[in-house]
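Heads up: the structure comes next, in structure tokens.
The values are calculated or read from the model by the stated rules, or taken from the named source; none is laboratory data. Just so it is clear, the model here is predicted, and its values are computed rather than measured. Cβ: placed from backbone, ideal geometry, glycine included. Neighbour counts: every protein chain shown.
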Amino acid sequence: MKAYYSSLFISKYKKINKRDKRLGNLIKEKIALLLVDKRNPSLRLHKLQGSMKTDWSISIRPNLRAIFTLTEDMYYFFDIGSHDEVYL
């Protein structure tokens, strides 16, 4: 599977990476880990509920999430941010 990114995700990632290069690298590492081992417990991968019931989340840090839609052949990341920022 491959990862694709929305313009919103890319914009937020660039801001995070500009402020903290190590955090930017951690985001890349977590997404790379998802692509090879989605069952890795450090990702805390879970399906969302309610209005976001078609979406999934991984934890980058305790209060930083990457939100994506999963299809048969790709992960489409469309948002990244704190718990309160990404969960509507």
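Values computed for the structure shown
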{"quantity": "Odd one out for Lys38 among (1) part of a loop (DSSP other than H, G, I, E, B); (2) loosely packed, with under 13 Cβ neighbours inside 10 Å", "calculated": "(2)"}
{"quantity": "Qualifying residue in region 14-24 (condition: under 14 Å from Leu64 (Cα atoms), touching a residue at least 60 places away in the same chain (Cβ under 8 Å), assigned to a helix (DSSP H, G or I) and out of contact with any His (no Cβ under 7 Å at 6 or more places or on another chain))", "calculated": "yes"}
{"quantity": "Residue list for region 50-69, restricted to those being farther than 20 Å from Ser6 by Cα and part of a helix (DSSP H, G or I)", "calculated": "Gly50"}
{"quantity": "Filtered residues of region 53-65 (kept if surrounded by 12 or more Cβ atoms within 10 Å (Cβ to Cβ) and either modelled with pLDDT under 95 or in contact with a helix residue (DSSP H, G or I) (Cβ under 7 Å, 6 or more places away or on another chain) (or both))", "calculated": "Ile58, Ser59, Ile60, Arg65"}
{"quantity": "Test: residue in region 41-49 that is part of a helix (DSSP H, G or I) and farther than 20 Å from Met1 by Cβ", "calculated": "no"}
{"quantity": "Filter result (small (Gly, Ala, Ser), in contact (Cβ under 8 Å) with a residue 60 or more places away in the chain and over 19 Å from Lys15 (Cβ atoms)) within region 32-88", "calculated": "none"}
{"quantity": "In region 53-83, the residues that are among the charged types (D, E, K, R) and touching a strand residue (DSSP E or B) at 6+ places or on another chain (Cβ under 6 Å)", "calculated": "Asp55, Arg65, Asp79"}
